[in-house]
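What follows is a single structure, written as C-alpha cells, with notes after it.
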Amino acid sequence: MTRREIIKQGGLALTALAFPLTSFSKINFMTDTKNFDVIIIGGSYSGLSSAMALGRSLRQVLIIDSGLPCNRQTPHSHNFITQDGEKPSAIAEQSRLQVLKYDTVKIHNGLAVSGTKTDNGFAITTKTGATFTAKKLVFATGVKDIMPDLKGFSECWGISVIHCPYCHGYEVKGEHTGILANGDVAFHYAQLIRNWTKELTIFTNGASTLTKEQTDKIKQHNIAIIEKEVAELQHENGDLKHLVFKDSSTFKLKAIYSRPDFEQHCKILEELGCELTEQNLIKVDMFQKTTVTGVFACGDNASALRAVSYAVATGNIAGAMLNNQMTEEEF
C-alpha cells in the first residue's frame, strides 16, 4: 500500500502533503463527527497555528483544507526563526503533525464552497457535499494571486519572480535584479530593494506612470527605467535567465520583484457578510475579529504582510482571542 493510499483510508484524504509513515499513529484521522466548536477553513500556517491554540484550549476543532497553499512553488522559506531556509512544505508537514497530536483537532481534506448562518453558529459545505457545523469560524484561506499574461511568469513565481525582499532578498543580494512594476509600486520597490542590490533596473512594461519627481529620484540612484513591453520571462525550471521584450531584445536578470493582483481565495466570507478593505483584504481588528460576530480571519487574507512568520502569529492570536470570546460567552 502506498503512502497516499494509507492516508486516504476510510475514503477521506488527510492532506495533499504526505506524512511520514512513522507518524501515522499520532494523527487524528477524520471521524464521522459533524459538529464542532470551531471550523477553520484553510490548513496552512495561519490555520494550523490557530488550530493549535484552540486545540490546546480543549475546543473541538475541524480544519478543512484543500492542500493548495499559495507558496507551493517556493523552494525555501526565510526570515522565520528556527525554520530559516526550510522548504515551506516541510514546515507545513511538521506543523500538521504537531497540531494533530491533539485529539481535539481533526482535519478534512476538501474544498469548502459554501457557508450559511444557523441558529447555533454556522454550517460549511464542501465541494463533495459534506456539511459540518460549528459555533465559530476562522478563515485562514489565503489569497489567490492573479498571474499577468506573460509567458514564463507563473512558472517563475515564488522562485525567481519574488514579492518580498525580507523573505527572499538576501539570497539574491548584489545580483542583477529587476522590478516589474509601474507608478507608486515601482517607486516603493526601488527605495526598498536598493538596500539589497545596486544592480537594479525598473521595467514598467509600457509607458512609465512614475511622476517626474519619482523619476528624477530614481535616476539619482543610478536605477535605470526601461519602458519596453515585456513578451516573456525566459527561464530554466523557474530560474529566471532573461527578460525578452516585444522587440526581441533581451535583458539578463537573476531575479525580478513583482506584486501581481490578487483576489480572496474563498468567497464564503463574503456570503456571510464579512467586509473587505479597499485593498480587497478581510477587514479585521487587532484581535483578528471580522465584521461578522463569531467569525475570525488570519494570515494573508487579512494582511498585506505576506510572510510565514506573520501568518503563524496572526493565527495564534485568532485562536487565543476566539477561545477567550467563547469562555466569556459560556461563563
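Read the figures in this text as sums done on the coordinates, not as results from a lab. What you see is a predicted model, and the numbers here were worked out from it, not measured in a lab. We place every Cβ from the backbone using ideal geometry, glycine too, and count neighbours over all the protein chains shown.
Projecting label points 7 angstrom from Cα along Cα→Cβ for ASP285 and ALA130 puts them 3.4 nm apart. Among PHE122, PHE331, PHE296, PHE139, a tally of other beta-carbon atoms within 10 Å of each Cβ gives an order, fewest to most, of PHE331, PHE122, PHE296, PHE139. Using the Karplus relation 6.51 cos²θ - 1.76 cosθ + 1.60 with θ = phi - 60°, the per-residue 3J(HN,Hα) values for region 161-168 come to 9, 10, 10, 10, x, 5, 7, 9 Hz, with x marking Gly and Pro. Here's how it looks for ILE162: its modeled amide H is under 5 Å from those of ILE256, TYR257, SER258, which are all 5 or more places away or on a different chain.
By the beta-carbon count within 10 Å of each Cβ, the least crowded to most crowded order of TYR310, TYR45, fewest first, is TYR310, TYR45.
Helix 308-330 and the longest principal axis of the C-alpha atoms of the chain enclose an angle of approximately 30°. What angle do you read, to the nearest 10 degrees and between 0 and 90, between the alpha-carbon axis of helix 183-193 and the longest principal axis of the chain? Helix 183-193 sits roughly 90 degrees off the main axis of the chain.
Each listed q (0.15, 0.19, 0.20 Å⁻¹) maps to a log10 I(q)/I(0) for region 153-257, found by the Debye formula over equal Cα scatterers with no solvent: -0.56, -0.91, -1.01.
For the peptides 216-223, 170-177, what is the packing order when you average, over each peptide's residues, the other Cβ atoms within 10 Å and list the highest mean first? Can you show the working numbers first?
Numbers: 216-223: 13.4, 170-177: 15.8.
In decreasing order of mean packing, 216-223, 170-177 become 170-177, 216-223.
Cα to Cα, under 28 Å, and not fewer than 8 places away if on the same chain: which lysines meet these conditions relative to LYS212? Within reach: LYS198, LYS228, LYS246, LYS252. The order of VAL284, VAL138, going from fewest to most other C-beta atoms within 10 Å of their C-beta, is VAL284, VAL138. Taking 0.36 nm per residue of sequence separation and removing the Cα-Cα distance, the GLU86/ASP103 pair yields an extension gain of 3.4 nm.
So what is the calculated 222 nm ellipticity per residue for the chain, using -39500 (n - 2.57) for each DSSP H run with n of 4 or more, over all residues, to the nearest 500 deg cm²/dmol?
It lands at -7000 deg cm²/dmol.
Here Cα Rg over 2.2 N^0.38 Å was computed from the coordinates, and among [x] 1.09; [y] 0.96; [z] 1.04 the match is [x].
Kindly express, to the nearest 10 degrees and within the range 0 to 90, the angle between helix 88-99's C-alpha long axis and the longest C-alpha principal axis of the chain. It is inclined by approximately 20 degrees.
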